[in-house]
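Structure, as structure tokens:
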Amino acid sequence: MDLTVTALSGYAFDGPVTVASMAPLQTPLCTEIGIDHPVVQAPVGSVSTPALAAAVADAGGLGMLAMSWRGTDAIRDAYTEAASATSGVVGVNVVLDESTGVLSPSDCLDVCLDAGASAVSFSFGDAGSYVDRVNEAGGTAMVTVGSADEARAAVAAGADIIVAQGREAGGHVQSDVTTMALLPRVADAVEVPVVAAGGLGDGRGLAAALTLGADGGWFGTRFVATEQSGAHEKYRRQIVDAPETATRLTDMFDRGWLDQPHRVLETDEVRQQGAADSGVATEASNPEQIAQMPDGEPISRLADMPPLAGMTGEVEALPHYAGQSAGLTQGVQPAGEVVTRLVADARAALADASAAAE
């Protein structure tokens, strides 16, 4: 029997994906969460879907669902749909900034735990008063940080896993430091598993993160451009076509989450707004509706809402959240195949590095 799988196009290494390369790539992160490979699908906000999380989990990674922008019933339904579609692990993300979200962070967490979530990540706020609740429920608490001091504080509060997010990350960003500089600092500061986030787009990035002290990689932009994501086809295509220089860190799209910097693709809308980082447009000066949700709900210009499947109108003017790894995304593929290729290419990169060191 031929057990070789044809390689996927658009990745760093174009060799075959063999049985050996598909074997579990285990790190302390995998042991802590119960996954086969140290690959985490970032929650990617409104773009996260149960199908995406389930596909990643089924391939041996950690699939994630963003829950802060869902109501009570939607949280339960999304988690149940994802978890019932896989034997793998599906996690949830709770944003701790009280200025955004449908429910309060506390209520959102309660619903997630009640639904059965065993892995909960926290971001954009002090997780100190929340991690104990996850641990008491028998779950694993993950906390995103932007500095070594934040990592120490999170672990002191009981965090089981630290996510070190660098400034290259797409979407909303909570760090002023690049991943390459931040990651070793965080890895040296704590004794729990560390996940590298920001700028990772292929298996070489995962291998680099592991050599810098991480126990896994956090991939957002790469999973937006997959068949199971909730992204509009035009959004996926923009990511695939983007070079590494095509993003901008801005505070332009702040309707729904004020004063929170975010990295987006530099679309025509971003360029037309001019000096995006100065926050030149406001609700009073630019209130027009430019797009519609599938149910007809209107979306205003500069809203904190990426282009989603089924939207109509000027979806090109909405925020295309993406990190500087966008230049590594050369095709839209099934999420499970992306996990497989990330692991295979990480193995190849680590083997090449080991051979070079001999």
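Quick note: the coordinates plus some simple rules give every number you see, no bench work behind them. All figures in this text were calculated on a predicted structure; none of them were measured in a lab. Don't worry about glycine lacking a Cβ; one is built from the backbone with ideal geometry, like all the others, and counts go over all protein chains shown.
This ranking places 299, 290 by how few other beta-carbon atoms lie within 10 Å of each, fewest first, which gives 290, 299. Placing a label point 7 Å from the Cα of residue 289 along the Cα-to-Cβ direction, the residues of the range 296-321 whose backbone N falls under 20 Å from that point are 296-319.
Net charge in the neighbourhood of residue 132 (other residues with Cβ under 14 Å of its Cβ; Lys, Arg +1, Asp, Glu -1) is -3. Cα centroid separation, the range 127-205 to the range 43-78: 20 Å.
Largest first, the extents of the alpha carbon coordinates of the range 79-228 on the three principal axes equal 38, 37, 29 Å.
If the segment from residue 248 to residue 181 were pulled out straight at 0.36 nm per residue, it would be longer than the present Cα-Cα gap by 22.1 nm. Gaussian network model of the chain, Cα springs within a sub-10 Å range: biggest mean-square fluctuation belongs to which of 322, 85, 335? Its mean-square fluctuation being the largest, the pick is 85. Could you line up 89, 56, 163, 332 from fewest to most neighbouring Cβ atoms inside 10 Å? Final ranking by Cβ density, sparse to dense: 332, 89, 163, 56.
For the chain, the relative contact order is 18 percent, taking Cα pairs closer than 8 Å that sit 6 or more residues apart in sequence and dividing their mean separation by the residue count. List residues of the range 198-235, by number, whose backbone nitrogen lies under 13 Å from a label position 7 Å along Cα→C-beta of residue 337. Under cut-off, by backbone N: 226-228. Computed from the C-beta positions of residue 73 and residue 23, the FRET efficiency with R₀ = 35 Å rounds to 0.30. Ordered by the number of other Cβ atoms lying within 10 Å of each residue's own Cβ, fewest first, 244, 191 fall into the sequence 191, 244.
Build a GNM of the chain with springs between Cα atoms under 10 Å apart, and of 185, 222, 271 the one that fluctuates most is 271. Computed from the Cβ-Cβ distance with R0 of 45 Å, the FRET efficiency linking residue 157 to residue 357 stands at 0.75.
Think of the chain as having a plus end and a minus end, set by charges on the Cβ of Lys, Arg, Asp and Glu; of 123, 245, 261, 245 sits farthest toward the positive end of this dipole.
Within the range 290-351, the proportion of Cα pairs with more than 16 Å between them is 61 percent. Spacing of the modelled spin labels on residue 114 and residue 133, each 7 Å from Cα toward Cβ, amounts to 1.1 nm.
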